[in-house]
Amino acid sequence: MSQTIATSPSIHLGTDYIGKPTSRVDGPAKVTGAAKYAAEFNVPGLLYGYIVSSPIAKGKITKIHAEPVLTLPGVVRVFSHENVPSLAWFDRSYKDDVAPGGSPFRPLHEPKIRFSQQPVALVVADTFELARYAASVLEIEYETEAHDTDLETKRDNGYEPARGKLGWVPPPPPRGNSNDAYHNAPHQHEAEYIHLAQHSNPMEMFATTVEWLNDGQKMNIFDKTQGAYNVQSYITKVFGLSKEEARVISKYTGGGFGSGLRPQHQVFLAVLAALDLQRSVRVSLTRQQMFSLGHRPHTLQYLKLAADDNGALAAVQHAALAETSRFEDFTENVVNWSGMLYQCENVKLDYQLAEIDANSPIDMRAPGAATGSFALESAMDELAYKVGIDPLEFRLLNYADRDQNLKKPFSSKKLRECYHQGAAKFGWDKRTPKPRSMREGNWLIGYGMATGVWDATQLNASAKACFDADGRLTVSSASNDIGTGTYTIMTQIAAQTLGLPLEAVTFVLGDTNLPEAPVQGGSMTAATVGTAVQAVCRAIGEKLLKLAQQMADSPLKGANFEDVQFVNGQIRRNEDTKQSVVIRDILPAAGEAQVEAETSTLPDLLKQSHYSLHSHNAVFAEVKVDEDLGTVHVTRVVNAVAAGRILNPKTARSQVLGSVVWGISMALMEESMMDHGFGRYMNHNLAEYHIPVNADIHNIEVILVEEEDDIVNPLGVKGIGEIGLLGVAAAIANAVFHATGKRVRNLPVSIDKLV
Ligand code: MOS
């Protein structure tokens, strides 16, 4: 039974579980190894596929010498475009749910080489080691074409993307006259800000185990992904399968950060091989191959900001040029934030793409905003120095109480409180304004700050719940938990809604046999799936109330749902809480084994349409820079985040802590260096692609500034997966300037740029 209900804010929200710091309910499974990841399902008769990656960036395959490899005992098949079974590409036009505009890359589709490390063959063998060895000796001849992988040479080849991906918003039209306002203003700043590509590099590498089931043509596809349904709809359409034939299971995901939003090469190839061989097959990627899956795009940003003598922003111009592939228009919201974060009448925003011979970029944590805010917030810092105003004061002076892009008020915005609480905790008032004015011996000390903004999004989702006579509640939805805490917060929401002990509730996710939910991304899961979980628990509650009213001498007779509360394992009358029924007694009394409900929820778009829905943060960073060596230590970060209601301060804090680590990484270390001679990322390993280790991480403090907001969704949550990253890199780069007097506009802020 399924019903669709509009979300309603009338559901009572207690605080027994919601808002309480709660340890991860999936923690024990993870630390004991009971949690199984995609490459850990050891099914009988498993074959291993190893991907052969193209060494060239552009051209075509002219010959594949598969014969010698096939004579190796234990090698089962070499799949390539030459022999790929016709069962693939049933529907060649199909795009996954989060694909950008264009025509998606399909492995082994054609001899054409579109990017370095493109999968060109899959060697399948009895063991992983044999498959890897066979792949290493497989000889492939190529005809190379001249490639072009350098965005720097494309400054005149930009174009405005016509078709973006889900959630992409083209820049709003210009307002006012930003050219005149810029030229007439007494204080001006213009500069270019640059970052190279970056790769997500989650700890768990991408892998798929396809379990071939002999009952008909059915497969269990254990995949590393951020969205089981997205993978299933992609696989079923591409291979012409029914949903029953391709069940996708993804219970645990060892990090994603966006790299798992789209179905990746390994799932396509594992399914292809399993279908053709009618065997169970696993394909897992190496760390090097992880660099072929998509990346945060290399982007050039040009900022022009002007202010009057009082520090009021007179003009904002922000233009970005980002790389994309030759086959898809990968889009991000890079510049739009610059039209909404501060009050300004004269704004011009521009976003363009240029094609290079690389794989399509992919979303990476806070896509677009993480990089756009680096440029904007660096530029704001630079202009603050020119005007001679404290950077925090400058932002407060230009605080936007309305979203000027959308011409709407914010549903809630406690950024001012973030500034004040963050500054107080950090001790911003101890900052002396002049660069190089604070030091401790050989350490130059710098204080920097920056602001961030991110979307509060809710999509459609479904959930199912089953309450049984033993008092156990099982709630399910095919969402994902990429480490964010979804298992835990959904358990809290369910326990809260029905007044049950946390231990009595199990939340199940990551399986296409469960009700549909979107990919986990965009910080939207708490709002999206949380709303569905709350609604389905309410539906269970309504059923339990009806049954409770049928009990002999029921004290709840005649009560409407709104007249009662579910607290402490009881349904009680609001007016007189002693008038109660123990929830566990209801089903035995009714002679029922269980009650079930399934519900779909959708955002209240009409209500939301009058508002701008965003989370905000303010970041304060202290750096110590060795004056002689140029080494930068980020000794303190305070990150104050306003993201609506906080369901679980413990997992929320962890999300923000992780974001700060990402921000330190983005500021000081991360860059995927393209060797344009080969058209290949040359540091495609974790030895040369630098990320922080424990010794790089010092004191991080998180402030959660709660907001009450019944417009974003009935739970009042905005999501906290991405907002914490915003502003961190800029705050650090600004602190480095304050410490050293050197402005680095080209990330990362590495030693060579400081000495
Ligand atoms: Mo996130 S980049 O939306 O997975």
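Just a few scattered comments:
- Karplus-derived HN-Hα couplings along the range 415-423 (A = 6.51, B = -1.76, C = 1.60, θ = phi - 60°), whole Hz, x at Gly and Pro: 5, 4, 5, 4, 4, 5, 5, x, 4
- Between Tyr681 and Asp675, the built amide H atoms are under 5 Å apart, and every one of these is 5 or more places off in sequence or on another chain.
- Once backbone amide H atoms are built at 1.01 Å from N, Leu47 has Ser280, Val281, Arg282 as its partners under 5 Å, excluding neighbours fewer than 5 places away on the same chain.
- The 1.4 Å probe gives accessible areas that order Leu606, Leu473, Leu502, largest first, as Leu606, Leu502, Leu473.
- Mean-position separation - Cα centroids, the range 605-624 and the range 313-358, in angstrom: 19 Å
- Entry for the chain at q = 0.08, 0.11 Å⁻¹: log10 I(q)/I(0) = -0.69, -1.20, Debye formula applied to identical alpha-carbon scatterers, no solvent contribution.
- For the peptides 528-535, 335-342, the ranking by packing is 528-535, 335-342, with the highest mean count of neighbouring Cβ atoms within 10 Å listed first.
- Heavy-atom accessible area order for Ile113, Ile194, largest first, 1.4 Å probe: Ile194, Ile113
- Candidate residues Arg282, Arg584, Arg573: accessible-area rank, largest first, probe 1.4 Å: Arg584, Arg573, Arg282
- In summary, the lysines within cross-link reach of Lys546, defined as a Cα separation below 18 angstrom excluding same-chain residues under 8 places away, comprise Lys557.
- Between the alpha-carbon centres of the range 126-204 and the range 526-544 there is a gap of 41 Å.
- Built amide H within the under 5 Å cut-off of Glu355, gap 5+: Thr324
- Rounded accessible area of Arg439 (nearest 10 Å², 1.4 Å probe): 120 Å²
- Cα-projected label distance for Lys218 with Glu67, points at 7 Å along beta-carbon direction, nm: 4.3 nm
- Spatially proximal lysines relative to Lys251 (Cα-Cα < 27 Å; intrachain offsets below 8 disregarded): Lys20, Lys30, Lys36, Lys95, Lys165, Lys218, Lys224, Lys237, Lys243, Lys464, Lys650, Lys718
- Radius 14 Å from Cβ of Phe678, net charge of other residues (Lys, Arg +1; Asp, Glu -1): -3
- What the range 199-270 shows is 26 Å² of accessible area per residue, with the surface traced by a 1.4 Å probe over protein heavy atoms.
- When the alpha-carbon atoms of the range 611-690 are used, the pair Rg, Dmax equals 17.4, 51 angstrom.
- Averaging 1/r over each pair of different alpha-carbon atoms in the range 142-187 and inverting the result gives 15.4 Å, the Kirkwood hydrodynamic radius.
- Filter on Lys386/Lys430; Lys408/Lys607; Lys414/Lys434; Lys434/Lys624 - keep pairs with C-alpha separation over 18 Å: Lys386/Lys430; Lys414/Lys434
- Distance from the range 400-449 to the range 643-684 (C-alpha centre basis), Å: 21 Å
- Asp429 accessible area, 1.4 Å probe, all protein chains in place, Å² to nearest 10: 130 Å²
- Solution diffusion estimate, µm²/s, Stokes-Einstein, the range 397-500, Kirkwood Rh from C-alpha pairs, 10 °C, viscosity 1.306 mPa s: 82 µm²/s
- In the context of the full protein assembly, Ile703 retains an accessible surface of approximately 20 Å², using a probe radius of 1.4 Å and ignoring ligands and nucleic acids.
The values are calculated or read from the model by the stated rules, or taken from the named source; none is laboratory data. Fair warning: this is a prediction, and the values are worked out from it, not measured in the lab. Because the Cβ atoms are built from the backbone with ideal geometry, glycine has one as well, and the counts that use them run over all protein chains shown. Note: areas computed on protein heavy atoms with side chains; ligands, DNA, RNA excluded. Shrake-Rupley method; radii C 1.70, N 1.55, O 1.52, S 1.80 Å.
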